């Protein structure tokens, strides 16, 4: 609803709001961040917040590994263990990988498509604040019991929180309530994000940027966003069902009244399998940008990599039962999903082959971004292969709920997603900080993390095949698991050390890093055509795009023999006179900042707290939400036009 | 839902307005939401261990009338949009109000029905039928309520003269949402009330 | 291609790196094969028919997977060494792709995995998932927090006249399931509270015990012996201590045991002393 503030009614409220907006409109200070709708700032906030949660999840992992270093270590009791393992998994999935991917969606998508911001900047800010609210809400649960005497209030049902363990009868405390409501809140953030990026990518590309000229990272963002908007409603319904069972004695998962606990598993995994592709596709997108840039060759088979991504998106809906092979659904169901699971490995394999073919014959610059990207390919392949062994249904009966599964998903999510996200940090952070990260420290980080990672998770294949179940708080001697657990724990601390090195590198380079300049990596895509850090409005003039890898084609052309050579400075490349925006150099209109996304976001944790402790708070939260939404709907989006 | 640059339409790569695309995506996502709730209802149909059962409680004629009311509200919604697209603000206001009133009438019918069922011994916790029925229709009712709020908000804002012919997209978006909620009711009415195995 | 095809990688250090890497890979993989394989819950040391089928299928999938892993990782190392940027490298040829290759490496892997993984899997899956034979020895397995209990419909407890039920498990010990060796056993699994999972790896892979479901499947021990297992689905604070010992006995020994158990003769748990498990904590 594009409107002007009514000129005739100068109420005190209108003036106050205008004053607040002016405060927010400065580019410095905390208020400018709180009210920001700038995708770059939102991306930075996502990244910093998610990284802090990465550290909490990492500490949780170290606690778990310390407890498992030897049999009967006595570091954590079973109750503490179950709560920390639940929070570790929930944190890493919902508070680390998803928001780090969102950080990159935010930072990069508008730049890569030549836009000034996303389609709905305030919705974007809303997504971030809701994410922050959900993450804090979830972690507050730790403190709802007597932390100082070792009683943790966090949920303890595992990140999958199966029925009937999740019911009020078997989890009488508030932990599961915090989990269900927390994840529900986070789902809202993801949903909003998904909508925003689909509209942005479909509608806001620079002139000439057809879908098949988009960078691959943008394609993966698009597919991931579609997966998000269709998968999140399913888990939302499942969570509502769980919440209603617990709070209002509904019977969705109550076997005494005829309910089936398996319904939870079906709904969770119907969401959950697309979810794991939501976790990995952005990482694949990042790697698909870095490998070509650092090989000085285009991505091999770009259309096929795009189609594989789309195929994975579609096929991800048809494999969920492979998480449920041992639940007794019957041989027909198990075989059907066994076959579909086997087949979903194919498009993934195609991508790996295309990445390798990109590097082959290239001129490989082995800086930190490239090392992490190659590390991704190497580690993800192993995770993918153990996934293929899982798809063999009968042998999955042996692997299910053992450390073999833990090994598999850590290879794809850590060796895969996390490595790729670090690659993205080294590659793209300099664009926003203006400073390169120190490459020497980056190499140390990489090698230490690679070694630590393999030391931690490779032995889990073995302990799993030796029968060690998942989620056990301790184990006895004589099972043959001791040495593998010891190695894993040593590996975990090695990983932790490598992360410390990264943090030192990041802080050091913020102060003393080498200046990044426009294009430190001889990049191929549009983000490297603008200064580091970029101006508020991104592009002075919206570019006109003539090809895939548009910046590469600005810089390089072919000689008479078809060999690539740099374009001589000042030479014509056929695109003179283009790239002026329709305003002809007059003021660029950027979306105005707003407080209402934050206000609206606050409504959710208040309502959630109310559902657990006092229904009056639900009304308060709802009121806050409504104020936020109405303010948002009725405020003008931009200031009055500049002359 | 304001736009940057103060112009009614920005050029977009697809030609579709950003907000319209957003609404369609949102409705697509809502299909999965209601689909999951409907699936839970259908999976648990005839599995209640104790009564009351649907056959004991449903008053098909009554629910048919309230379904008809909701259907008619979609007609008035269409008329509201047609009015504002022709620049007829007054006409839009009348039809918006009509739609909201019909929506409220539908909601009253729901409230009445729920209370009746409750008196007959059906609650959220009674059995699977109570659980799945109330949650499914309850969420639908919540969506209708939000729709009524949107319509009344549009109506109120239009009283200040802030919805003119050039702002018709806002009414169109509300219309899309309203029609979707109506279609969901048609599906629910058919699967839950009409088709008894 | 403008980058020299025949240029050797930098000698010595590169070879050493590649060699070391390959050794590491082989060591990692081989590490699983050395050492004691006679551990109590080793899924790859089957002593039951079901576990054996499962192990064989796993090997069928694992070896190609290992080969692919070595090939891919090796290719990565070779690529990094061979094509790493040198000073004065020209810009490489901007190859965009090769459609024939793409089609090839989509179809061929599909055929391979369907052949190696999909096709062999189906008959085994149907065999393992068939109903137990009519003359299979039935046992009802019930999971609860935090022990397993067993009911033998074919053995009448003389004290109660009802089917024999296993005694409550002493904390820290395993629940004992007696079965006749060499005979097909029909297990029916359920739970009275939360999800559990009944896994005795050397006999058969795990199957879930779910409240409200009767999950029926067959197992068969090759020979008499004692086989370890434990609950495999997170069920609460006592999850790690829900242990199982399956005692397979010759028909003679089994009948003797059954007679004694049905008569109510107290027997010492055969599985030995307590297995220490961490304190369950504050619970809830």
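The values are calculated or read from the model by the stated rules, or taken from the named source; none is laboratory data. What you see is a predicted model, and the numbers here were worked out from it, not measured in a lab. Don't worry about glycine lacking a Cβ; one is built from the backbone with ideal geometry, like all the others, and counts go over all protein chains shown.
Things to note:
- Qualifying positions in the stretch C:184-198 - crowded, with 24+ Cβ neighbours inside 10 Å and within 7 Å of chain A (Cβ to nearest Cβ): C:194, C:195, C:197
- Counting only helices (runs of 4 or more DSSP H) that sit wholly inside the stretch C:46-129, those with at least 1 residues that are in contact (Cβ under 8 Å) with a residue 60 or more places away in the chain are C:49-83, C:119-128.
- Single residue of A:387, A:345 found to be surrounded by fewer than 24 Cβ atoms within 10 Å (Cβ to Cβ), facing chain C (nearest Cβ under 7 Å) and touching a helix residue (DSSP H, G or I) at 6+ places or on another chain (Cβ under 8 Å): A:345
- Residue A:61 more than 13 Å from residue A:475 (Cα to Cα) and either crowded, with 16+ Cβ neighbours inside 10 Å or within 14 Å of another protein chain (Cβ to nearest Cβ) (or both): yes
- Among (1) surrounded by 15 or more Cβ atoms within 10 Å (Cβ to Cβ); (2) at pLDDT 90 or above - the single one residue A:515 does not satisfy: (1)
- Scanning the stretch A:238-259 for residues that are in a loop (DSSP other than H, G, I, E, B), buried (at least 22 other Cβ atoms within 10 Å of the Cβ) and within 14 Å of chain C (Cβ to nearest Cβ) yields A:251, A:252, A:253, A:254, A:259.
- The set of residues from the stretch C:199-225 being touching a residue at least 60 places away in the same chain (Cβ under 8 Å) and more than 10 Å from every other protein chain (Cβ to nearest Cβ) comprises C:203, C:218, C:219, C:220, C:221, C:222, C:223, C:225.
- Filter result for residue A:622 (at pLDDT 95 or above and assigned to a helix (DSSP H, G or I)): yes
- The single condition from (1) within 14 Å of chain C (Cβ to nearest Cβ); (2) outside any helix (DSSP H, G or I) that residue A:517 fails is (1).
- Residue within the stretch A:203-220 that is facing another protein chain (nearest Cβ under 8 Å), farther than 20 Å from residue A:314 by Cα and in a helix (DSSP H, G or I) present: yes
- Screening the candidates B:169, B:136 for the property of being more than 19 Å from residue B:50 (Cβ to Cβ) and in contact with a helix residue (DSSP H, G or I) (Cβ under 6 Å, 6 or more places away or on another chain) yields one hit, B:136.
- Given (1) loosely packed, with under 15 Cβ neighbours inside 10 Å; (2) in contact (Cβ under 8 Å) with a residue 40 or more places away in the chain; (3) touching a strand residue (DSSP E or B) at 6+ places or on another chain (Cβ under 9 Å), number of the condition residue C:168 does not satisfy: (2)
- Odd one out for residue A:502, checked against (1) surrounded by fewer than 22 Cβ atoms within 10 Å (Cβ to Cβ); (2) outside any loop (DSSP other than H, G, I, E, B); (3) modelled with pLDDT of 95 or more: (1)
- The selection criterion, being more than 7 Å from chain A (Cβ to nearest Cβ) and surrounded by 15 or more Cβ atoms within 10 Å (Cβ to Cβ), does not hold for residue C:40.
- Counting only helices (runs of 4 or more DSSP H) that fall entirely inside the stretch B:28-120 and contain at least 1 residues that are under 19 Å from residue B:153 (Cα atoms) and away from chain A (no Cβ under 12 Å), the qualifying elements are B:60-85, B:89-119.
- Only residues that are free of Cβ contacts under 8 Å to residues at least 40 places away in the same chain and assigned to a loop (DSSP other than H, G, I, E, B) were counted in the stretch A:547-562, giving 4.
- Residues satisfying the stated conditions in the stretch C:76-96, i.e. in contact with a helix residue (DSSP H, G or I) (Cβ under 9 Å, 6 or more places away or on another chain), surrounded by fewer than 16 Cβ atoms within 10 Å (Cβ to Cβ) and within 8 Å of chain A (Cβ to nearest Cβ): C:96
- In the stretch A:402-424, the residues that are within 11 Å of chain C (Cβ to nearest Cβ) and surrounded by fewer than 24 Cβ atoms within 10 Å (Cβ to Cβ): A:405
- Members of the stretch B:140-174 found to be over 22 Å from the mean Cα position of the chain (by Cα) and in a helix (DSSP H, G or I), listed by number: B:159, B:165, B:166, B:167
- Subset of the stretch A:272-328 [in a loop (DSSP other than H, G, I, E, B), without any contact (Cβ under 8 Å) to a residue 60 or more places away in the chain and out of contact with any helix residue (DSSP H, G or I) (no Cβ under 6 Å at 6 or more places or on another chain)]: A:328
- Among all residues of the stretch C:115-133, there is at least one that is under 30 Å from residue A:353 (Cα atoms), more than 7 Å from every other protein chain (Cβ to nearest Cβ), surrounded by fewer than 17 Cβ atoms within 10 Å (Cβ to Cβ) and more than 21 Å from the chain's Cα centre (by Cα).
- Within the stretch A:359-369, the set of residues being buried (at least 23 other Cβ atoms within 10 Å of the Cβ) and more than 9 Å from every other protein chain (Cβ to nearest Cβ) comprises A:368, A:369.
- Verdict on residue A:161 being at positive phi, buried (at least 23 other Cβ atoms within 10 Å of the Cβ) and either touching a strand residue (DSSP E or B) at 6+ places or on another chain (Cβ under 7 Å) or more than 9 Å from chain B (Cβ to nearest Cβ) (or both): yes
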